[in-house]
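Visitor: Following this message is one structure expressed as structure tokens.
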């Protein structure tokens, strides 16, 4: 699946989308038919339902009820080794500047005291997943692609699979989930796959967010931007329905971001960074090697540095990398969070380049300056 295509296609189009029965952003008081590619409406004065047909030019229509929606027309299809045709869904929060009425999202993870949701699905034959999406970003972002997508697969029909590969299991919401991890090129994805179909679930969204954080993919300083539930169809799917949906996110948590697992070392630096770059006309790649030169293990790391002007990171691997202006923050992922004395962790990224290339001059690991190697 290439979920970034879904998001990128929606950019700038939500504003101009219209509905068959009501205008964009209208409040559905009776059943509303949406066939417009990116048409949407609101229900219960609280949630947004969107057609979000991004992977095909064929027509798709949904019937929006007071509690959810049903797919009534689905003419497109996609090969199972590629991306789905659409993501018709209902959401709470913000999706490409389209925010649900009165939402308190984005909200910093550290400020969330509870986040709960319930969902009920109706299934039919076809090739699709029933996907519950949780989106997070280092900034309180209301438009564009977020950096972290949590997918909860409540049902999987046909020869389809999540992005990436299996990295383990997790016990959440009273069940054991198969955990997948990967990147689609625009954002990182952690997927929790149910072993068998779940038609309804009442659960803590915060539990899944915390598990993702414990895997090193985000920190408490990140922001929850939206909660979405719907379907990704590849082939067939008429009759699929979200029959009910609710989401509640409450503040009152601790707004202070906790320190890294390993405190900054005192005295001289106990880390070294080797930065190897390859540049061409309008782009570059960089491989970064972090070495623990201290006498104790580093458990959880954050590397900070600044990129020279004209450099913008577009994708990364083996680390969660965010950029704000020239400032770069790279955090470990699950498999490389621990660095033994004398050991190394490596990650890399690709970016665009404007002007001449030069490498960063200084680095700090968990707040302590590193030497260059």
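Where a number appears in this text, it was derived from the coordinates with a stated rule and is not lab data. All of these numbers come straight from a predicted model, not from anything done at the bench. No Cβ is skipped: glycine too gets one built from the backbone with ideal geometry, and neighbour counts run over all protein chains shown.
Visitor: Just to be sure I understand: of the beta bridges DSSP finds with both ends in the range 3-250, what percent are antiparallel, rounded to 5? Mind showing how you got there, number by number?
Guide: On the way: 73 of 80 bridges.
Of those bridges, close to 90 percent are antiparallel.
Visitor: Taking the Cα centroid of the range 306-373 and of the range 26-104, what is the distance between the two, rounded to the nearest whole Å?
Guide: Distance between centres, Cα-based: 38 Å.
Visitor: Of 274, 142, how do they rank once you tally other Cβ atoms within 10 Å and put the fewest first? Mind showing how you got there, number by number?
Guide: Values: 274 13, 142 20.
Going from least to most buried by this count: 274, 142.
Visitor: Report the gain in length on full extension from residue 139 to residue 340: 0.36 nm times residue separation, minus Cα-Cα distance, nm rounded to one decimal.
Guide: Working: separation 201, 0.36 × 201 = 72.36 nm, distance 3.14 nm.
Additional length available on full extension: 69.2 nm.
Visitor: Only bridges whose two residues both fall in the range 271-372 count here: according to DSSP, what percent of them are antiparallel, nearest 5?
Guide: Details: 43 of 45 bridges.
For the range 271-372, the DSSP antiparallel bridge percentage is about 95.
Visitor: Next question, about the same structure. Express in nm, to one decimal, how much length is gained between residue 202 and residue 282 on full extension, taking 0.36 nm for each residue of separation and deducting their alpha carbon distance.
Guide: Values: separation 80, 0.36 × 80 = 28.80 nm, distance 4.85 nm.
Gain on stretching residue 202 to residue 282: 23.9 nm.
Visitor: What is the spin-label model distance, in nm, from residue 171 to residue 104 if the labels are put 7 Å beyond Cα along the C-beta direction?
Guide: Modelled inter-label distance: 3.1 nm.
Visitor: Can you show me the helix-derived [θ] at 222 nm for the chain, built from DSSP H runs with n ≥ 4 at -39,500 (n - 2.57) apiece and divided by the number of residues, rounded to the nearest 500. Could you put the intermediate results ahead of the total?
Guide: Details: 2 runs with 18 residues, N = 373.
-1500 deg cm²/dmol, from helical runs alone.
Visitor: Okay, next question. Just 56, 276, 103 to compare: in a GNM of the chain, with alpha carbon springs under 10 Å, which one fluctuates most?
Guide: Between 56, 276, 103, it is 276 that shows the largest mean-square fluctuation.
Visitor: Using 7 Å Cα-to-Cβ label points, what is the residue 369/residue 244 separation (nm, one decimal)?
Guide: 6.1
Visitor: For a quick check: sort 35, 370 by the number of other beta carbons within 10 angstrom, fewest at the front. Provide the component values of the computation, followed by the final result.
Guide: Details: 35 17, 370 21.
With the sparsest Cβ surroundings first, the list reads 35, 370.
Visitor: Taking the Cα-to-Cβ direction at residue 361 and at residue 304 and moving 7 Å from each Cα, how far apart do the two end points lie in nm?
Guide: The answer from the label model is 1.8 nm.
Visitor: Cα axis of helix 205-214 to longest principal axis of the chain: angle in degrees, 0 to 90, nearest 10?
Guide: Tilt of helix 205-214: around 20 degrees.
Visitor: Can I ask one more? With a Cα-only, solvent-free Debye model of the chain, what are the log10 I(q)/I(0) values at q = 0.07, 0.09, 0.10, 0.13 Å⁻¹?
Guide: Here log10 of I(q) over I(0) equals -0.33, -0.54, -0.66, -1.04.
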